[in-house]
1. Taking each full run of DSSP H in chain C as one helix, which ones are at least 24 Å long along their axis (Cα atoms) and have mean Kyte-Doolittle hydropathy of at least -0.5?
2. Quick one: dipole size for segment A:14-254, taken about the Cα centre, charges +1 on Lys/Arg Cβ and -1 on Asp/Glu Cβ, in debye to the nearest 20.
3. Report the number of Lys pairs in segment A:14-254 whose alpha-carbons are under 25 Å apart, with separation of 8 or more residues or on distinct chains.
4. Let a ≥ b ≥ c be the square roots of the eigenvalues of the Cα gyration tensor of segment D:118-174; is it rounded (a/c under 1.5), or, if not, prolate (a/b larger than b/c) or oblate?
5. Grab the residue from chain D whose Cβ hugs the D-to-C rotation axis most tightly, plus its distance in whole angstrom.
6. How big is the shadow of the Cα convex hull of the protein assembly as shown, averaged over all directions, in nm²?
7. Put the label 7 Å from Cα along Cα→Cβ for D:Lys223; what are its distances to the other copies, in nanometres, shortest first?
8. For A:Glu26, what residues show an amide H to amide H distance below 5 Å, using hydrogens built from the backbone and excluding near sequence neighbours?
4 protein chains.
Amino acid sequence: MIYFNSDYLEGAHPAVLERLVRTNMEQTVGYGCDPYCEAARAKIRAACAAPEADVHFLVGGTQTNTTVIASVLRPYQGVLTAVSGHINCHEAGAIESTGHKVIALPSTDGKITARQVADYVEWHRNDESVEHIVYPGMVYISFPTEGGTLYTKAELTSLYDTCLAYSLPLFIDGARLGYGLTADGCDLTLPELAQLCDVFYIGGTKVGALFGEAVVITNPALKQNFRPLQKQRGGMMAKGRLLGLQFDALFTDDLYFRIARHADEMAYRIREIFVSAGYPLLFDSPTNQQYPILPDRELAILGENFGYEYWTRVDAEHSGVRFCASWATTPEQVDALAQAVRDLRK
Amino acid sequence: MIYFNSDYLEGAHPAVLERLVRTNMEQTVGYGCDPYCEAARAKIRAACAAPEADVHFLVGGTQTNTTVIASVLRPYQGVLTAVSGHINCHEAGAIESTGHKVIALPSTDGKITARQVADYVEWHRNDESVEHIVYPGMVYISFPTEGGTLYTKAELTSLYDTCLAYSLPLFIDGARLGYGLTADGCDLTLPELAQLCDVFYIGGTKVGALFGEAVVITNPALKQNFRPLQKQRGGMMAKGRLLGLQFDALFTDDLYFRIARHADEMAYRIREIFVSAGYPLLFDSPTNQQYPILPDRELAILGENFGYEYWTRVDAEHSGVRFCASWATTPEQVDALAQAVRDLRK
Amino acid sequence: MIYFNSDYLEGAHPAVLERLVRTNMEQTVGYGCDPYCEAARAKIRAACAAPEADVHFLVGGTQTNTTVIASVLRPYQGVLTAVSGHINCHEAGAIESTGHKVIALPSTDGKITARQVADYVEWHRNDESVEHIVYPGMVYISFPTEGGTLYTKAELTSLYDTCLAYSLPLFIDGARLGYGLTADGCDLTLPELAQLCDVFYIGGTKVGALFGEAVVITNPALKQNFRPLQKQRGGMMAKGRLLGLQFDALFTDDLYFRIARHADEMAYRIREIFVSAGYPLLFDSPTNQQYPILPDRELAILGENFGYEYWTRVDAEHSGVRFCASWATTPEQVDALAQAVRDLRK
Amino acid sequence: MIYFNSDYLEGAHPAVLERLVRTNMEQTVGYGCDPYCEAARAKIRAACAAPEADVHFLVGGTQTNTTVIASVLRPYQGVLTAVSGHINCHEAGAIESTGHKVIALPSTDGKITARQVADYVEWHRNDESVEHIVYPGMVYISFPTEGGTLYTKAELTSLYDTCLAYSLPLFIDGARLGYGLTADGCDLTLPELAQLCDVFYIGGTKVGALFGEAVVITNPALKQNFRPLQKQRGGMMAKGRLLGLQFDALFTDDLYFRIARHADEMAYRIREIFVSAGYPLLFDSPTNQQYPILPDRELAILGENFGYEYWTRVDAEHSGVRFCASWATTPEQVDALAQAVRDLRK
C-alpha cells in the first residue's frame, strides 16, 4: 500500500530528526526558554522580515488555534471564518469550549472575502438587537484553505484592510503554510503575508517536523501574556527545545521552503494524472492537496493499493477524494499511482 | 404611540400583580423552597398531567435556555437547533459561553424535521473523523418558533421518536408556550407536549407574569442536580416565592391559557388588517406574532403612531416587520391600527 | 414563628412595590433602555457624586458578581478575595464556571488588607514559574463582609492605593451596601466609596427591593461592552424597567438609606439582647447581621419560635448563629426575641 | 554547569529515541490508531494487569490533567486535591478554565487522607446551603506528590474506599509514577495502584520519553467518549504513533522501571550528600526529587556550578531547594555535586 491520505503519515524530515538525535543528551531549561528556541525565533523573525514579532512554539494545530483565538477574543465576541474553516468543522468544538461562537460565513472555495466581513460587521452593528448578538471579534482564515486554495495578494490585502478598518485582528492558520507559499501562482512572500495579518502560524507538523507549530504575533497589542495562556491551554511543552530544534532546522538553508516546493511538485503530477485521464476536480488547488472526483467503483479498485482521504459524495456514483503529497512523497510513489490510474481506464 | 413591538411591553397581568402585593410582607424561606413555589409546582404538574416532573423557576429565557442546555450536555457535545433558533441568534453567545457549539440546521419557517436530525446524526457517526466533529448531544426547538409557527402533533411525535431513537434529549423552549397551545389549529395539549419531550419550559415573562419561566423536567435522567447548576448560572432567585406566586396565579382558573387565547385573537385581527389590505406575510403564523411585509415608505408613516419590530429587509423598498399582541393588548389598540392601515391605503 | 434568618424574607418596601403597581400597564421598551432606568441611573450617579459612571441593573447577586468579574478578567487571570468571600463559598462555582480561579486569601474577619494583596502580587511576579501560576487580575471585597464587618476609610484607601499601584481593578460587592454605609462607626460615604474602587454594586434585593442590584462602573476602562456580556450571562431583564422603577424609588428621598438605618438600629437591639445576657459574639459586626454564640440546647429552645441561620460550630456544645435585621424588621419582632432570650436565662 | 533542576532537562532515553529514528519514514494512520499505539496499549494493559482498561496517549501533563478532569466532572462539581497539588498551583488555572473549582484541602506533605475527603463530603452534604456550594465530584492525588512523598498501600486503600463510598472517582497523576513505584519503601505495584483508583496516568515526559503521558482508565463508567474530548482539548497528536512508539519502547523489557530505579538511586546519593553534611530536608522524599535546606550564602556558591530549583524560603537566611535526579543522571554528575558540598563545608 502507498498512502496519500494526508501530509502527516511519516515522521520528520531526516535533517530535522538528526538535530533531535544529535542534541539528545544536552541539558537545557524547559518551557521554550532554551537557546535552540531562541535561535529558531531569530531565524523565523528574519524569514518573516518581522524583527519585532513574538514567536511561540506549540505542539499541534487545534491547540494553536484555540490558544491564539482565546488570547484575542473578549467573552462577548466570536470569530468569523469560512463555513469550511478547520475551527468550524474539525476541532471537536475546541473554540466553543473556550466560550466563543464560531461565526461561519458561506464559502465554496474555502475563502472569505473582504466584502463578506464588511457586510457582517455592518449588519451586526446596525441591528437593533446588537447587544443580543455575538460580536465579531476577529477573523480567521487558512492559507492554504481546507480545499487547498490560496488567497492572492490582492485578496488578502483587501481583507486585511477591511479588518483594520473594523478593528478586527486577522489570524492566518498556516498549518500548511509552506505548501501555499511555494505554490505555482502564489504571489505572496512570507514577509508580505506577515504584514497582512496580526498573528499567524507556520505549520511544522505537516511540513517536515515531527510536530510543532510556530505562532508569529506581529501586532504588539496581541503580544501580552500569551505564555500563561499557552500554559493554561496545555500548549507549553516541558522540553520546549524539541520545538526550537525542529524549527531551527527547518529555517536553516530554506529547508522549509525546499521540501514544501517538492511536495507541491509531486501534487502537480498527481493532479495531472487525474486531469489528463479526464477526471474533474472538486477544488482548483495549486497546493499539495488535490481533490479528484472519481466513480465509486474505480475508487474501490484504487483503494486496494493506494490510500486517499474520502472527502464528499458528489452524486449517487461519484465521490470527491483527497490525495496529499508531502515533503516525504517520492516520485516512485507517484509513478505507481499514475500506472494504477492508467490501468483503471483500460 | 401604541406599541406592538413585543409581548413584554407592560408589567404583569393584574391578577398576578395582586398576588405579589397581597403577600408582600409575609416571611418565607428563599431560593424556591417556599409554600408558594410548592403550590405552583403542584398546579403545573397537574396541568401537564406529569405528576413526577421536576419543576424549577427561573427569571428569564436566556438564563433558562443556558441552564437547561448546560445541564444536559457533556463537554464534547453540541445542541442541534434551527438556524433561526433563539439560542443561535439572540442570546449573545450564552450557549457557547458554557463551552458548547450550537449546531444550526437550515430552516425557512423556524422548524426542523425528524429527517434533518436523523440525517445529521447519521452523517456524524459515519464520518471517518467523527471524533474531530462536535457530537450532537440534544435537540432544541421552540414552540412557537421565532416566526410564530407551530409544530403539529404529527411533526413533534416524529421528531421526538427520532430523538429517542438516537438518545438525544429534546428540549422545547416555550417562552411563548401559551400563545402556541391556544392558537387556532394547534392540535397539541400541554400534557401531550409534556410527553413529547424530555424537558421544556413554560414562559411567564411574555405571557402575563412580571418575569419568570417554569422549567418542567419529565425525563428522570435529567433531573439530578439541576438546582446547583441553576445557582451557578445566576438563575436561582433569592426571593424565589416571587416566581412561585406568579405561576400559582397563572395556573389558577386557567388564567395562563385565557390570557394567551386573548392575545392570539388580537393577533388574528392584526393579521386580518394587513392581509385584507393586500400585504403579504413573512411567515404564516397562527400565534401572537404577525409578520406583514410593507413598503418602507408606508412603514415610516405607520411608525409615527405605532411601534413594531423591524425584522428583515425583503427587497430594496420592502421590509418584513413584526407586530405582537399580548395578554395586555386591547381591542381599542387594534382598532386604532386598523384605522391607520386603512388610511395608508387611501 | 418570627424569622431573623436573612434579610430577604419579605417582598419589597411598600414604596417600591407601589411604583411597580402604579406603572404596571404602561408600555416601555425593554432591556433597561426605558425612562425609568434612565431616571434611576441619574439618581444613582448623583448619590455617588459620579456623573460619568455607567450604571447597569441586574436581578441578583451571583449573576452580578459573575458578570462583573467575567467582564474584567482576561483568561489567564483570577480574582483575589478573602477566603470567606461570597464568590469563594456560596455561589456554586459561578466564577470558576466562567474559567477563572478564585484566589482565596486568609481572613478571620472577612476583610483582606493592602499588605496581603501586595504580598501576593510580589510573590507571584517574582516566582520563577510565574507563567505557570494564575495571574492576579482584580480584587474582590464585600462591604459589609460576610461577617457583617466594615472596612474603614483608611483601610479601603490603603487597599485601593495598592490596587492602583499594581493595576488591579477593585470590585466591591455591595449586596448589603446600605446596611454598611448607615452603620454606627462607618466613616465612609457613598461618594467616597465610589471613588475608592473601580466598580461596585448597590444591593437592592436585601435592602428594600423585590430584587435587583445596581452595578456602578466608575473606571472608564471597564465600561466597554458590559451590556452584551450582561445579556450573555442571563442578567439582562426583558422588562428592565422593573429594575429601574425600584431603584428610582429607593433613591428618592433617601429611602435606601433610611430603611437601611432602621435595620441597623434593629440589629443593635438584637446585639444588645445577646450581649447583655452574656453571650459572646462570633464577629464584631456593626451592621444588620449579628452573630451570637449560644449553647445548642438553648438554640433548640429558641428555634421553636424564632428563625435564625446556623453559621458554624464553635465547640461540642456551642454554635455561632446569625440573626439578621432588615428594612422589614419591626420593634415588636425584636421585643419578642428579647423576651425569649430573657426566658432562656431564667 | 551540571543541572539538577528538573527531570526533563535532556531529550529521551536512547532506546526510545532509536525507535523514533528507525520507524521515521514508515507511513501510518494518525491520531493514535496506528499499530504502535495498539502495541503500547497492550503492553501497558499487561503491565497494569488491567486487560479491560482504556489507554490514551497525550503529550503533556497539564493537558492530561485537564482532559481527564473535564471528562469526569459535571458542571456543578469541583475536584478535591491537596493544596499543594499541581492542578492547584502550577497549571495556570487550566482546571478552572474548563469551568471547575479546584477544592484545596490542607496538607503539609503533599498527601491528603481518607478522613479529609470524608469530612469534606459530609460537611458539604449536611450544609443547609448545599446547593450554593461547589459539589465535590472527584479526587485528584499525585503519586509521587509534589514533595516527592508516596502514599502507602494502606493509605491509598483507605482513600479509595472512601472515594467508592461517596461515589467520587479517584484520579492519580503519575507524572513521575516510575520514580514512585521503584522507590525504597514503596509497597505498591503498578497492578495494585491500577486497582486502587478509577483513572491514572503513567508519565513519560519525566521518565525517559521525549514527551508523552499514558492515561489508563479502569472504571468503565469513565471510558465513554474520551477521544473527542482529547481532540477538543488539543491533546490528540496528529502523528499519534510518536507516543505509541515511545511507550512501546518504555514498556519493553521493563525499561520504564529500570531507568526509574536508576534515578531513585542517584537521588538517594544526593540525599545522603546533604544529610551526611548536616543539612535538614524540607520533605522526607524517597523518590527522585530531594529537597535540602541550605543557607542562602552556600546556595549562591553551589549555584555557580550546579543548577537546582528554588523551592521556598525557610527563614531569613535559609531556603529549601530541589535537586532532581532522572533516568539521565550519571554517577559522575553526582560525584561532582558531592565534592562541591564537601568544599562548602571546608
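1. Details: long enough: C:255-276 (31 Å, -0.03).
Qualifying helices, which must be both long enough and hydrophobic enough, are C:255-276.
2. Numbers: 19 positive and 26 negative charges, 150 e Å.
Around 720 debye, computed over segment A:14-254.
3. 16
4. Working: a/c = 2.69, a/b = 2.02, b/c = 1.33.
Verdict is prolate for segment D:118-174.
5. D:Glu96, 2
6. Numbers: hull surface 211.6 nm².
So the Cα hull casts an average projection of 52.9 nm².
7. 3.0, 5.1, 5.9
8. D:Gly11
Read-outs throughout are calculated quantities, based only on the coordinates presented, and are distinct from any laboratory measurement. Because the structure is predicted, anything quoted here is derived from the model rather than measured. For neighbour counting, all protein chains shown are included, and Cβ atoms are generated from backbone atoms with ideal geometry for every residue, glycine included.
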